[in-house]
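Take a look at the structure set out below.
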Amino acid sequence: MGVSLPQDLRAWLLQNNPDLPEDDVDDDVACCGYAGFPDETSFFLGIRAMEKLYANHPLSGGGEWREEWIPFLSDRDSWAGRFIDARDGRIGRWFVGAPTVTGEYASLAHYFDSVAEMLTRIGAGDYPVCSVVDGRLVWS
């Protein structure tokens, strides 16, 4: 990508490899990963999927996408997702057809804290669109 990875993203990728095995990658899909977490429509990207989406982002070319934004979470078609700003580590989100939001979270750690809080609410039965059934997240 030609952009240095922020330290927390680099550490997370070294601990987790969300890339699908090569045999399971569908070339007709804009990007790929394990769907359904942290929510029912998105998935975390591995480095190969990040590179693919970075190179072919639907907002690039129109001045809406900046080269220092590294996508790390996306929907299947790349129409929406989250990115980390390589300059300062802040987390933003995009949705094609809507304004891009920058600085929604101060860091990847803050974003993961919000995911942990959501999972705690799901486990306690306080999250209306999701529940735990037989140890699995089920989205309604």
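Suppose accessible area is computed on protein heavy atoms with a 1.4 Å probe; arrange Leu13, Leu73, Leu119 from highest to lowest. If you can, show how the numbers build up before the last one.
On the way: Leu13 30, Leu73 10, Leu119 60 Å².
Most to least solvent-accessible, the answer reads Leu119, Leu13, Leu73.
R0 = 22 Å: FRET efficiency of Arg10 with Glu64, Cβ-based, nearest 0.05? Don't jump to the answer; show the numbers that get you there.
On the way: r = 26 Å, r/R0 = 1.18.
Between Arg10 and Glu64 the formula returns 0.25.
Could you give the length gained on full extension between Val132 and Asp77, defined as 0.36 nm per residue of separation minus the Cα-Cα distance, in nm?
Using 0.36 nm per residue and subtracting the Cα-Cα distance, I get 17.1 nm.
Magnitude of the Cβ-charge dipole of segment 61-102, K/R +1 and D/E -1, about the Cα centre, nearest 20 debye?
Values: 6 positive and 7 negative charges, 26 e Å.
Computed charge dipole of segment 61-102: roughly 120 debye.
I'd like the Karplus ³J(HN,Hα) series for segment 51-61: coefficients 6.51, -1.76, 1.60, θ = phi - 60°, whole numbers in Hz, and an x wherever there's a Gly or Pro.
4, 5, 5, 4, 6, 10, 5, x, 9, 6, x
The values are calculated or read from the model by the stated rules, or taken from the named source; none is laboratory data. In this text the structure is predicted, and so the values were computed from the model without any measurement. Here Cβ is always computed from backbone atoms with ideal geometry, including for glycine, and neighbour counts include all displayed protein chains. Only protein heavy atoms, including side chains, enter the accessible area calculation; ligands, DNA and RNA are left aside. Shrake-Rupley method; radii C 1.70, N 1.55, O 1.52, S 1.80 Å.
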